Amino acid sequence: MIRMHIRPMNEERTLELYTIGHSTLEMDDFLGLLKENYIQVLVDVRSQPYSRFNPQYNRESFKHAMAYANIEYVFAGEYLGGRPTDPACYRDGVVPDGKTNYLKLVDYPEVMKREWYQRGIERLLEIACERRTAIMCSEEDPMQCHRHHLITQTLLKQGIAVWHIRSDGRVEEAEPLPEEIESQQLSLF
């Protein structure tokens, strides 16, 4: 479902979170998307918050840009990142080196069991209860990112509404992974 009109946050809403991927967006365009969706806190869920190709999104400079835009920046990559450091969170029991397809290698059901991940989700929900919150990673397409395959799935199972902010301004309601995809993921692990 695509939601075309963004409603301002109000006291009567149910808990909801947003996700966004910075991709190659210019910083002004990225900030515009956050402002259009009334985002007050941005939680960075990148395991490695640096980009050779888009240095404006490197953790330190990005944090300053968020402060300038009056959006609070919170780094949570160590708890909610898509590249866990625990070898038990990978199908083959080995943390990969270098560039690889983490979506295929990470055992998300195993990550969801980890105490550090659960603490990260709890903290994310505390923040979201107080202010309108978005989680951010680098991948624009949520279907190609752990923020949908891991974090969003956890939130949806808890009855929380999740909305994906796309680079073209669309806002799509997140849905649970189809059972066949989820069971394929589980059978891979």
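Read the figures in this text as sums done on the coordinates, not as results from a lab. The model shown is predicted, which means the values in this text are computed figures rather than measured ones. Note: ideal-geometry Cβ built from the backbone for every residue, glycine included; neighbour counts use all protein chains shown.
Summary table below
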| read-out | value |
| --- | --- |
| Per DSSP, loop trypsin sites (Lys or Arg not before Pro) in region 23-122 with at most 14 further Cβ within 10 Å | ARG52, ARG91, LYS99 |
| Formal net charge of residues neighbouring LYS63 (Cβ-Cβ distance under 12 Å; K, R +1; D, E -1) | -2 |
| Cα-projected label distance for SER47 with THR14, points at 7 Å along beta-carbon direction, nm | 3.2 nm |
| Positive-pole candidate from THR152, CYS129, ILE165, dipole of region 79-172, charges at beta carbon | CYS129 |
| Within a Gaussian network of the chain (alpha carbon springs, distance under 10 Å), most fluctuating of GLN158, GLN48, GLN56 | GLN158 |
| Listed values (1) 15.2, 52; (2) 15.9, 46; (3) 25.6, 77, entry calculated as Rg and Dmax of the Cα atoms in Å | (2) |
| Degrees between helix 27-36 axis and first principal axis of the chain (Cα, 0 to 90, nearest 10) | 80 degrees |
| R0 of 41 Å, Cβ-Cβ distance GLU78-ARG170: FRET efficiency to nearest 0.05 | 0.85 |
| Length gained when the stretch SER61-GLU36 is fully extended (0.36 nm per residue, less Cα-Cα span) | 6.8 nm |
| The chain: angle of helix 115-130 to the longest principal axis, Cα-based, in degrees nearest 10 | 10 degrees |
| Cβ-based net charge around PRO49, under 13 Å, with every Lys or Arg adding one and every Asp or Glu removing one | +2 |
| Extension gain, ASP97 back to THR24 (0.36 nm per residue minus Cα-Cα distance, nm) | 23.9 nm |
| The chain, relative contact order [Cα under 8 Å, separation at least 6], % | 35 percent |
| Between 0 and 90°, nearest 10: helix 179-188 axis offset from the chain longest Cα axis | 50 degrees |
